[in-house]
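One structure is given below, encoded as structure tokens.
Taken together, the values in this text are just the output of simple stated rules run on the coordinates, not laboratory data. Remember, predicted model here, so these are calculated numbers, not experimental data. Here the Cβ positions follow ideal geometry from the backbone for every residue, glycine too, while neighbour counts run over all protein chains shown.
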Ligand SMILES: Nc1ncnc2c1ncn2[C@@H]1O[C@H](COP(=O)(O)OP(=O)(O)OP(=O)(O)O)[C@@H](O)[C@H]1O
């Protein structure tokens, strides 16, 4: 398999209030262009796993390879750059900068990466805003558009550096069913048409059922 992400023997412990193994030898591959849902009961370890996969938490045993790079063991500086270049994040709450314009919010990660000119970045941002049906709102403050629009802006921001992998932690958790479908369809198309890999933790059974594959977690393990 042409794996976009491989996790091998991932274990993690929390030590407060007492030592507790939250992830137990978790291992799986996700193929390039696959759209995967991670599901499981509250407390089964989904968010903890996603946090490791996204390289935000480095305190674990095992190894994670993303896009051919073994990210386990990289320094914080290396990880920060790797994330900005290869991983797009979409959370339940969008974390846009409310006082900044929609356009500035989308452009920011690309300006930070510094690989393209401001003009090129702006053109790319406008293309994404058009694709996500938010064109015409680009000059508004992020706080002045609807919740569904804000989530689409957050997706545009996640896509600006053309990440190979998009990770979502309850990406539709704050949306009504109409906007949930809009966001699902965007992910579906990104995976199918652009070969981007999507990994989303979700409590939404319908969302999960329509993904290419469901990874179910039970008590820190993946169901075979
Ligand atoms: N920082 C922490 N310190 C100690 N225990 C933690 C910490 N973070 C999470 N846990 C515990 O680890 C377990 C897994 O938590 P996690 O948030 O990964 O579950 P989840 O499956 O994402 O749950 P939910 O669906 O409710 O978001 C839970 O029992 C939780 O209480």
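When averaged across all projection directions, what area in nm² does the alpha-carbon convex hull of region 115-206 cover?
Details: hull surface 25.5 nm².
Approximately 6.4 nm², given one-decimal rounding.
Fewest first, what order do 143, 11 take by the number of other Cβ atoms within 10 Å? Let's see the in-between values first.
On the way: 143 11, 11 14.
Result, fewest neighbours first: 143, 11.
Over what distance in Å are the Cα centres of region 1-41 and region 95-112 separated? Taking the Cα centre of region 95-112 as reference, the centre of region 1-41 is 30 Å away. Per the Debye calculation on the chain with a single equal scatterer at every Cα and no solvent contribution, log₁₀ I(q)/I(0) for q = 0.12, 0.14, 0.16 Å⁻¹ amounts to -0.64, -0.87, -1.12. Note: region 176-219, Cα convex hull, 73 Å³ per residue. Taking other C-beta atoms within 10 angstrom as a stand-in for reagent exposure, 223, 167, 217 fall in the order 223, 217, 167, fewest first. The long axis of helix 102-113 is offset from the longest Cα principal axis of the chain by roughly 60 degrees.
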